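**Student:** Sharing a structure here in structure tokens format.
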Amino acid sequence: MARKPMMAGNWKMNNTIAEAVVLAQEISNHYEKEWPEHVDVVVCPPYVDLKPVKTVFDFDKAKVSVAAQNVYWEPAGAFTGEVSVPMLKEIGCTHCIVGHSERRELFGETNEDVNRKVKALVAGGIAPIVCVGESLAVRDAGTTDEYVCAQVRAALAGLDAADMAGAVIAYEPIWAIGTGRTATPEQAEAVCAAIRATLAELFGGEVAEDARVLYGGSMNPGNVEALVVQPDIDGGLVGGASLKAESFVQLIEACL
Ligand code: 13P
């Protein structure tokens, strides 16, 4: 079965509620009815913006999914500052980013933490968007595939094929994030293909064929087409270019 592309905008720590509602409304104004047939569109705002953004899309009947950027693995309790899967579920989040390199690097998130979060999301019926990616040092050492595929194995440890329904992997080379330096389509394709081969090894060919593998790292309207035509790249997880409706819409349209 052919995979439907996904274009996901990771807003990171940008947009107050007022700004988020304006951006969601602008995306909604560009919304075309044929999008859902060809591409899944997802936006990942900060926690506080999730409900207001979802309300805009629901009101306009725009099929744009809303996803969180992080989650905690316990369902409730004394975990000051954290947000749980049931809380995201109640808002209507369909997906949640896990293991973004900024969380790993700036907040000390480990492969084990990522695995706990993935398991909690799967158990709660929210599809994880698992981020993996190498530093420049790893790339220069020539061990990118091993490093990235080990991250994939660690994130998905203990899951079975059924748990993988809807799961998404995002390959985001750290050296390409927010730097304006994109991986070439060939570099990105090679790693995404290696990720898919790892999924096949872990869960079988069918899961590997169905799972979406996204590219992230300075994706923009100028380079998106060359990336998404690659056989193992099923769309993008986009930071900067998702913060303006005009460029985000161009990225969505490149997937049609
Ligand atoms: P940029 O598109 O700004 O490089 O960010 C990529 C990213 O980290 C998406 O999660």
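**Student:** Using only the C-alpha atoms of region 1-106, find the volume of their convex hull and express it per residue in Å³.
**Tutor:** Dividing the Cα hull volume of region 1-106 by its residues yields 123 Å³.
**Student:** Determine the share of the chain's accessible area contributed by carbon and sulfur atoms, expressed in whole percent, with a 1.4 angstrom probe.
**Tutor:** The value for the chain is 55 percent carbon and sulfur by accessible area.
**Student:** Another question about this same structure. Taking a probe of 1.4 Å, how large is the accessible area per residue of region 162-215, in Å²?
**Tutor:** That works out to 37 Å² per residue.
**Student:** Work out how far the C-alpha atoms of the chain reach from end to end along every principal axis, then list the three figures in whole Å, largest first.
**Tutor:** Reported extents, whole Å, longest axis first: 46, 46, 35.
**Student:** In the full protein assembly as shown, how much of His38 is accessible to a 1.4 Å probe, in Å² to the nearest 10?
**Tutor:** For His38, the solvent-accessible surface is approximately 80 Å².
**Student:** May I ask you to compute the full-extension gain from Ala137 to Glu209, defined as 0.36 nm times their residue separation minus their alpha-carbon distance, rounded to one decimal in nm?
**Tutor:** Length gained between Ala137 and Glu209: 22.9 nm.
**Student:** Something else: Quick check on packing: order 90-97, 177-184, 103-110 by the mean number of other C-beta atoms within 10 Å, highest mean leading.
**Tutor:** Packing order, densest peptide first, comes out as 90-97, 177-184, 103-110.
**Student:** Would you kindly find the accessible area of Tyr47, with a 1.4 Å probe and non-protein molecules such as ligands, DNA and RNA excluded, rounding to the nearest 10 Å²?
**Tutor:** 80
**Student:** How big is region 36-97 by the Kirkwood estimate over distinct Cα pairs, in Å?
**Tutor:** The Cα-based Kirkwood calculation yields 12.3 Å.
**Student:** Under a 1.4 angstrom probe, counting protein chains only, how are Asp163, Asp232 ranked by accessible area, largest first?
**Tutor:** Asp163, Asp232
**Student:** Give the cross-link partners of Lys244 among the lysines, using a straight C-alpha distance below 21 Å as the criterion and excluding same-chain residues fewer than 8 apart.
**Tutor:** Lys12, Lys33, Lys51, Lys54, Lys61, Lys63
**Student:** Are there any helices in the chain, counted as whole DSSP H runs, that stretch 24 Å or more along their axis by Cα and score at least -0.5 on average by Kyte-Doolittle, and if so which?
**Tutor:** 185-203
**Student:** Okay, next question. Taking amide H positions as placed in the peptide plane 1.01 Å from N, state which residues far from Tyr31 in sequence (5 or more) or on other chains have amide H under 5 Å from it.
**Tutor:** Result for Tyr31 returns nothing.
**Student:** Residues with beta-carbon under 13 Å from that of Asn70, excluding Asn70: net charge, scoring Lys, Arg +1 and Asp, Glu -1?
**Tutor:** Cβ neighbours under 13 Å give a net charge of +1.
**Student:** In whole Hz, what ³J(HN,Hα) sequence does region 162-177 give by Karplus (6.51, -1.76, 1.60; θ = phi - 60°), x for Gly and Pro?
**Tutor:** Going residue by residue, I get 5, 5, 7, 4, x, 5, 10, 10, 10, 8, 10, x, 4, 5, 9, 7 Hz, with x marking Gly and Pro.
**Student:** Per residue, how big is the convex hull around the C-alpha atoms of region 194-256? Give it to me in cubic angstrom, could you?
**Tutor:** Dividing the Cα hull volume of region 194-256 by its residue count gives 84 Å³.
**Student:** On to the next question. Would you grab the residues whose amide H sits under 5 Å from the one on Ser65? Only those 5+ places off in sequence or on another chain, please, with H modelled 1.01 Å from N.
**Tutor:** Correct list: Val41, Val42, Val43.
**Student:** OK, next. Using the alpha-carbon centroid of each, what span in Å lies between region 153-212 and region 108-134?
**Tutor:** 13
**Student:** Please compute, for the alpha-carbon atoms of region 6-51, the extent along each of the three principal axes and give them in descending order in Å.
**Tutor:** Result, largest extent first: 30, 19, 14 Å.
**Student:** Moving on to the next point. Rolling a 1.4 Å sphere over the protein heavy atoms, what is the accessible area per residue of region 27-154, to the nearest Å²?
**Tutor:** 47
**Student:** Over region 113-225, what number does the Rg to Rh ratio reach, with both radii from the alpha-carbon atoms and Rh per Kirkwood?
**Tutor:** My calculation of the ratio gives 0.97.
The values are calculated or read from the model by the stated rules, or taken from the named source; none is laboratory data. Since we're looking at a predicted model, the values are computed, not measured. Cβ sites come from the backbone with ideal geometry, for glycine too, and all protein chains shown count toward neighbours. With ligands, DNA and RNA removed, areas are computed over all heavy atoms of the protein, side chains included. Shrake-Rupley method; radii C 1.70, N 1.55, O 1.52, S 1.80 Å.
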